[in-house]
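Beneath this line is the structure, given in structure tokens, with notes to follow.
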Amino acid sequence: MATYSGTVYNVLGNAIGYTFSADVTYTQSIENNTTTLTITPKVSSGNSVGYAVSMYFKVDGVDYHNAYHNFATWGTTYTASSYTKVINHNADGTKTFTLNVSFETTYTQGANANLNNGTPKSGTISQSITLPTIPRASSLSLSGSFTMGSESTITINRASSSFTHTLKYAFGNKSGTIGTNLGTSAKWTPSKELGKQIPSSTSGVGTLTLETYSGGTRVGTSTKTFTLWVSGDMYPTFTSLTLSGRNLGSDGSYVQTVSHVVATITGATESYGSPIKSYSISGHELNVQSSSGTSGVFTTSGNVTYTAKITDG
């Protein structure tokens, strides 16, 4: 990772020309969301000359290593044994922490002023470190809405190239798995049976849940809402609109100011469990909200048109 430096003090409490540093390397575990640090402190006398001392090294204020070293000559360096520290990351994979490394010696003030000045008493390193973010849950991208019975592609923004995914959906009170061991995309054809979840609407809102795995360990989840539409062939249908006359002429023709037409919707069929809610028939002298109706007398001559509609939900 890096080498971090601190300050060394003598028995008089003055900063002296020693170098106190810590080499820090790291490994990260995606599965455990942790960083493991290897911390190796070093003390170098530089151009100072001091006594031989016993040193006690600490990480986070806890002694972990002690040694005897002679600083009686220039340029001498002591490297302590390494210390391993495990850092737990936040749920989103980020982490900033403070590295605290120190040492103390058993040296006490003596009669030789030069040696008092040149012998280390303590050293400290206090450094705020932002660790590399550990990738957590991947995310989803949708190109638009979905239509029942039609295949669509769902894009997975993979947080790490080693991740695999399980993709699930929930719509109304129905849920299921779209795919497992997925990489960067998934194809989904929503079943038309999902239309039963929205009997009064042509569309509804559901939720996609993406579970992200590193090996066999789930490292996070993300969700995204989606809109699902019924397809064009899922609307209710009827067979025909039948027309018959009343008060027709002797030749069976309709007569202006005399005849009526009786209109009837036949063969109405609901779709995917959505009951038929309403009927309507409209045209010349006829406007009813039912499956059949009789018009008033014809007030015009020529061709006339009648239109029938049914709605569900």
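Figures for the structure shown
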| quantity | calculated |
| --- | --- |
| Between segment 155-182 and segment 52-79, the Cα center-to-center distance that results, in Å | 54 Å |
| Residue among Gly50, Gly195, Gly249 with the largest mean-square fluctuation in a Gaussian network model of the chain, springs linking Cα atoms under 10 Å | Gly249 |
| Net charge contributed by nearby residues that have their C-beta within less than 15 Å of Asp60 (K/R +1, D/E -1) | 0 |
| J(HN,Hα) series, segment 158-169, from Karplus relation 6.51 cos²θ - 1.76 cosθ + 1.60, nearest Hz, glycine and proline x | 6, 6, 8, 5, 8, 6, 10, 9, 10, 10, 10, 10 |
| Accessible solvent surface per residue of the chain, calculated while the other protein chains remain in place, 1.4 angstrom probe, Å² | 50 Å² |
| Cα-based Lys proximity count in the chain, under 29 Å, for pairs eight or more positions apart or on separate chains | 28 |
| Structure-based [θ]222 nm, the chain - -39500 (n - 2.57) summed over DSSP H runs of at least 4, per residue, nearest 500 | -500 deg cm²/dmol |
| Apportionment of accessible area to carbon and sulfur, the chain, percent (1.4 Å) | 45 percent |
| Residue order for His65, His165 - accessible surface, 1.4 angstrom probe, largest first | His65, His165 |
| Read-out log10 I(q)/I(0) by the Debye sum over Cα atoms at q = 0.09, 0.13 Å⁻¹, derived from the coordinates shown; its label in (i) -0.62, -0.96; (ii) -0.65, -1.10; (iii) -0.72, -0.95 | (iii) |
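The values are calculated or read from the model by the stated rules, or taken from the named source; none is laboratory data. Please read these numbers as outputs of a predicted model, since none were measured by experiment. Please note: Cβ atoms are built from the backbone with ideal geometry, for glycine as well, and neighbour counts cover all protein chains shown. SASA here: full protein model, heavy atoms, side chains in, ligands and nucleic acids out. Shrake-Rupley method; radii C 1.70, N 1.55, O 1.52, S 1.80 Å.
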